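The values are calculated or read from the model by the stated rules, or taken from the named source; none is laboratory data. Here the structure is a predicted model, which means the values were calculated and not measured. Neighbour counts run over all protein chains shown; Cβ positions are idealised from the backbone, glycine included. In case anyone asks, the SASA skips ligands and DNA or RNA and just uses the protein heavy atoms, side chains included. Shrake-Rupley method; radii C 1.70, N 1.55, O 1.52, S 1.80 Å.
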Amino acid sequence: MKRVLFSLFLTVTLLTGATAAREIAGVEMPDSLKAGNSDLLFNGGGRRTKFGMTVYVGALYLPSRSNDPRAILAADEPMAIQLRITSGMVTSEKMESATREGFENSLNGETAPLRQSIEDFIGVFREKIEKGDVYAFVYSPGKGTEVFKNGKVSKVIEKLDFKKALFGIWLCERPAQESLKREMLGL
């Protein structure tokens with residue numbers, strides 16, 4: 001019972017661990033997250049749009065603010081990206097397709113070395129996606145990337161290289177959306 005309560009506390013702290021929030025496109029994002037023993041600060045956040053419609057709000061959390069995408073991607077330190085789905089138009093199929101494209105762009109087409117990790121990650125999106133769902137991708141050195149959906153751990157994917165590729169979806173040279181990249185970097 002203690003383990004269940006601790007796990008619930010940790011999950012709630014991780015996903016809502018802020019004393020304040022920032023509003024982005026009408027969606028409140030926490031000012032900070034607690035990931036394990038690390039306090040992560042809101043670095044920046046913005047809207048992902050398709051055809052003029054906001055499909056999700058995303059935010060980047062780091063131990064200290066940075067606007068250097070290369071340094072962020074290379075860093076072997078705790079960090080997180082949180083996505084809040086804002087549109088009922090987001091489906092599992094669309095998210096899977098967009099994520100595959102994101103990995104292709106992040107890795108310059110060289111996805112083979114991470115193929116299994118990518119497939120494991122994409123499996124999280126096969127469960128129905130609904131407006132209001134919250135995803136968090138939390139990297140911890142030595143542990144890997146924990147993938148949360150609505151506060152529940154869905155997967156843990158090891159390897160720093162996977163974290164680099166995943167965070168690269170939003171921060172690489174060909175990001176999911178250039179304006180969202182700039183906003184996550186606080187620019």
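One line per residue, one yes/no per condition, for (1) modelled with pLDDT under 95; (2) within 16 Å of the chain's Cα centre (by Cα); (3) not β-branched (Val, Ile, Thr):
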{"residue": "62", "(1), (2), (3)": "no, yes, yes"}
{"residue": "65", "(1), (2), (3)": "no, no, yes"}
{"residue": "81", "(1), (2), (3)": "no, yes, no"}
{"residue": "85", "(1), (2), (3)": "no, yes, no"}
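Filter segment 131-146 for residues that are of a type outside the set (Phe, Trp, Tyr) and under 21 Å from residue 27 (Cα atoms); which is most open to solvent (accessible area, probe 1.4 Å)? Among them, the one singled out is 131. Name the residue that is farthest from residue 167 (Cα to Cα), counting only residues in segment 102-130 that are over 16 Å from the mean Cα position of the chain (by Cα) and surrounded by 13 or more Cβ atoms within 10 Å (Cβ to Cβ). Among them, the one singled out is 113.
Going by what's in this entry, would residue 70 be described as modelled with pLDDT of 95 or more, over 22 Å from residue 30 (Cα atoms) and surrounded by fewer than 18 Cβ atoms within 10 Å (Cβ to Cβ)? Against the criterion (modelled with pLDDT of 95 or more, over 22 Å from residue 30 (Cα atoms) and surrounded by fewer than 18 Cβ atoms within 10 Å (Cβ to Cβ)), residue 70 qualifies. Residue pairs whose Cβ atoms lie under 8 Å apart, separated by 6 or more positions or on different chains, with the first residue in segment 118-143 and more than 25 Å from residue 73 (Cα to Cα) and the second buried (at least 17 other Cβ atoms within 10 Å of the Cβ) and among the hydrophobic types (A, V, I, L, M, F, W, C), are 129/85; 129/90; 129/95; 130/85; 131/85; 131/90; 132/85; 133/85.
Out of all the residues in segment 27-48, which are of a type in the set (Ser, Thr, Tyr) and closer than 9 Å to residue 59 by Cα? Once the filter is applied, which keeps residues that are of a type in the set (Ser, Thr, Tyr) and closer than 9 Å to residue 59 by Cα, segment 27-48 yields nothing. Every test in (1) surrounded by 14 or more Cβ atoms within 10 Å (Cβ to Cβ); (2) in contact with a strand residue (DSSP E or B) (Cβ under 8 Å, 6 or more places away or on another chain); (3) free of Cβ contacts under 8 Å to residues at least 40 places away in the same chain; (4) not aliphatic (A, V, I, L, M) is passed by residue 170 save one, and that test is (3).
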